[in-house]
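The values are calculated or read from the model by the stated rules, or taken from the named source; none is laboratory data. From a predicted model like this one, the values you see are computed outputs, not experimental measurements. Note that we place each Cβ from the backbone using ideal geometry, even for glycine, and neighbour counts take in every protein chain shown.
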Amino acid sequence: MTSFIQGAALGAELSRQEIQHYSRHLIIPEIGIDGQRRLKGAKVLLVGAGGLGSPAGLYLAAAGVGTIGIVDFDTIDVSNLQRQILYSVADVGASKLECAVTRLKAMNPHIDVVPHRQRIDASNALDLIAPYDLVVDGTDNFPTRYLINDACVLLGKPNVYASVFRFEGLLSLFNHDGGPCYRCLYPDPPPEGFAPSCAEGGVFGVLPGILGALQAAEAIKLITGVGSSLKGRLVRFDALDMQFKEFAISRDPECCLCGDRPTQHQLIDYASFCGIGAGAGADDSNAPRLVDPSQLKARLDSKTPLQLIDVRSVEEFRIARIEGARLMPLDELESLAGSLDPSVPLVCYCKSGIRSARAARYLMSRGYGDVSSLAGGLVSWTKEIEHASSIY
Amino acid sequence: MNSSPGTNPLPRSATEGATVTVLIPTALRRFAAQQSRLEVRACSAGEALREIGRQYPQLHAQLFAANDSLRRFINIFVNSRNIRELQQEETALTDLDTITILPAIAGG
């Protein structure tokens, strides 16, 4: 049996309109009027209104969660629409937060939707989360995942967690009723670049839809106290095989945050914990030289010898590329680099300049002297030089 | 693209141990010739992981740190149980066990 979340209040009596609105819940014995009033009294903070946050927010609102806080600072890009079902083409360029609030309130006028237009960070996370009963983590990067986990542990709030990569999703409930926290499962983050983001590695659009809906289901169960919670269970969903698998996880007595002898009692610098920007400081002697699009264009036009290396995936290469480039995906660079001519200057590029900087750094470590990376990648190239190219 | 179990040749030296399947997560398939599952013969979880690392050295570098310990952003499950809560790398294997590698992912 799922235990009720601590501190959640029973909402006020349901109005006639609410009784009509929630009738399909009210006639389920496990929910009934008491369960619906618990939903009405509940306060859920949704961090991130993207792929996971869209379906999670829609179902939490539809279910009648009385107060839904949303934290987001982003604007809607057309490439979001393949999975972020809160938004439509007419919303492109607008604030995700404003559109999400409008959409959820239109869906259910009986609830409060509280906008928090800010990037959650160590300076505001505790204040943001403290007024809520539980958090639904719909973020998309490791620093924020650890930040939310740590803040939830320090405040004693359950964290309904999901994450996705291409066709795979993970789902669990952290920091609830003696169960593990995210750090118990993953004490350290992977190195930068290990797990490409959705922007870099892609994501099967319906996948966050499934996982986000499952997050909403878990949150609603926690609020109403029905069923078996995901505490101590990690669910992995594979959309390619259409398989759910479950793994047992437990609190780590040695966990630095929620273990028997915790050593961390406050929030930390999560960018540095996750190695973001490590080695990219001004004193970094290994930093590759940057070339901007106009400089690259001039070098290409002058026909001076140059090896132009595209380090993206073959799929990205097929969408758009700079003429004359050779494809050497970053993952295969180690085996392919032997075919490069060390006497001819090298320029690496990718979509945004991050992977190409890694590639350039690697080539320099292999002894190639004249290596540079295209600043801003193909995105900048398309904006400044070749307007006809597709931005993806 | 994905191979079926049993299509990988077993190492000749491994005459003992159990035949197990190791499931490779999407994030690591690029280091294992895009395979989603590998079949190996091994006595323990650690041995199975080192065997697939022998077949795919880039995969070994992802699984094991420079000091040869398993990386802490990767969880290894034998069937449904985490080897951290069993006997770590020494966790014994029996035929038909499935080893699942679950690295941290963050997309949302």
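Tallying residues that are closer than 22 Å to A:Ser313 by Cβ and either aliphatic (A, V, I, L, M) or away from chain A (no Cβ under 13 Å) (or both) within the range B:15-65 yields 8. Scanning the range B:81-97 for residues that are of a type in the set (S, T, N, Q), in a loop (DSSP other than H, G, I, E, B) and over 15 Å from B:Glu16 (Cβ atoms) gives B:Gln87, B:Thr91. What do you reckon, is A:Ser356 part of a strand (DSSP E or B), crowded, with 19+ Cβ neighbours inside 10 Å, away from chain B (no Cβ under 14 Å) and small (Gly, Ala, Ser)? No; evaluated as a whole, the condition is false for this residue.
The single condition among (1) of a type outside the set (A, V, I, L, M); (2) assigned to a strand (DSSP E or B); (3) more than 11 Å from chain B (Cβ to nearest Cβ); (4) within 26 Å of A:Met242 (Cα to Cα) that A:Gly209 does not satisfy is (2). Only one of the listed residues (A:Met364, A:Met328) is modelled with pLDDT of 95 or more and farther than 17 Å from A:Pro293 by Cβ. That residue is A:Met328. All but one of (1) assigned to a loop (DSSP other than H, G, I, E, B); (2) more than 14 Å from chain A (Cβ to nearest Cβ); (3) of a type in the set (A, V, I, L, M) hold for B:Ile105; which doesn't? B:Ile105 satisfies every listed condition except (2). Residues of the range B:66-77 that are more than 8 Å from every other protein chain (Cβ to nearest Cβ), over 15 Å from B:Ile24 (Cβ atoms) and either surrounded by 16 or more Cβ atoms within 10 Å (Cβ to Cβ) or modelled with pLDDT of 95 or more (or both): B:Leu70 alone.
Is it the case, given these coordinates, that A:Phe142 is surrounded by fewer than 21 Cβ atoms within 10 Å (Cβ to Cβ), within 14 Å of another protein chain (Cβ to nearest Cβ) and in contact (Cβ under 8 Å) with a residue 60 or more places away in the chain? For A:Phe142, the condition - surrounded by fewer than 21 Cβ atoms within 10 Å (Cβ to Cβ), within 14 Å of another protein chain (Cβ to nearest Cβ) and in contact (Cβ under 8 Å) with a residue 60 or more places away in the chain - is not met. Please verify whether the range A:244-258 includes one or more residues that are away from chain B (no Cβ under 14 Å), touching a residue at least 24 places away in the same chain (Cβ under 8 Å), out of contact with any His (no Cβ under 6 Å at 6 or more places or on another chain) and loosely packed, with under 15 Cβ neighbours inside 10 Å. No. Contact map, the range A:307-331: first residue in the same structural domain as A:Gly377 (by TED's automatic domain parsing), second residue basic (Lys, Arg) and part of a strand (DSSP E or B), Cβ cut-off under 9 Å, separation 6 or more or different chains; pairs are A:Gln307/A:Arg326; A:Leu308/A:Arg326; A:Ile309/A:Arg326; A:Asp310/A:Arg326.
The number of residues in the range A:147-169 being touching a Phe, Trp or Tyr at 6+ places or on another chain (Cβ under 6 Å) and either crowded, with 23+ Cβ neighbours inside 10 Å or farther than 25 Å from A:Phe204 by Cα (or both) comes to 5. Among the criteria (1) among the aliphatic types (A, V, I, L, M); (2) part of a helix (DSSP H, G or I); (3) touching a strand residue (DSSP E or B) at 6+ places or on another chain (Cβ under 9 Å), the one A:Leu154 does not fulfil is (3). Screening B:Ile83 against (1) at pLDDT below 95; (2) within 13 Å of chain A (Cβ to nearest Cβ); (3) surrounded by 17 or more Cβ atoms within 10 Å (Cβ to Cβ); (4) more than 11 Å from the chain's Cα centre (by Cα) leaves a single unmet condition, (1). One residue alone among A:Tyr186, A:Tyr161 is under 13 Å from the mean Cα position of the chain (by Cα) and within 12 Å of B:Ala104 (Cβ to Cβ), and that residue is A:Tyr161. Within the range A:302-311, is even one residue within 20 Å of A:Cys198 (Cβ to Cβ), buried (at least 17 other Cβ atoms within 10 Å of the Cβ) and modelled with pLDDT of 95 or more? Yes, that holds for at least one residue. A Cβ distance below 8 Å, combined with a sequence gap of six or more or placement on separate chains, defines the contacts here; from the range A:181-205, residues that are more than 9 Å from every other protein chain (Cβ to nearest Cβ) and more than 23 Å from A:Ile319 (Cα to Cα) reach residues that are surrounded by 22 or more Cβ atoms within 10 Å (Cβ to Cβ) and of a type in the set (Asp, Glu) in the pairs A:Arg183/A:Asp150. The requirement of being among the aliphatic types (A, V, I, L, M) and either surrounded by fewer than 16 Cβ atoms within 10 Å (Cβ to Cβ) or modelled with pLDDT under 95 (or both) is satisfied by B:Leu96.
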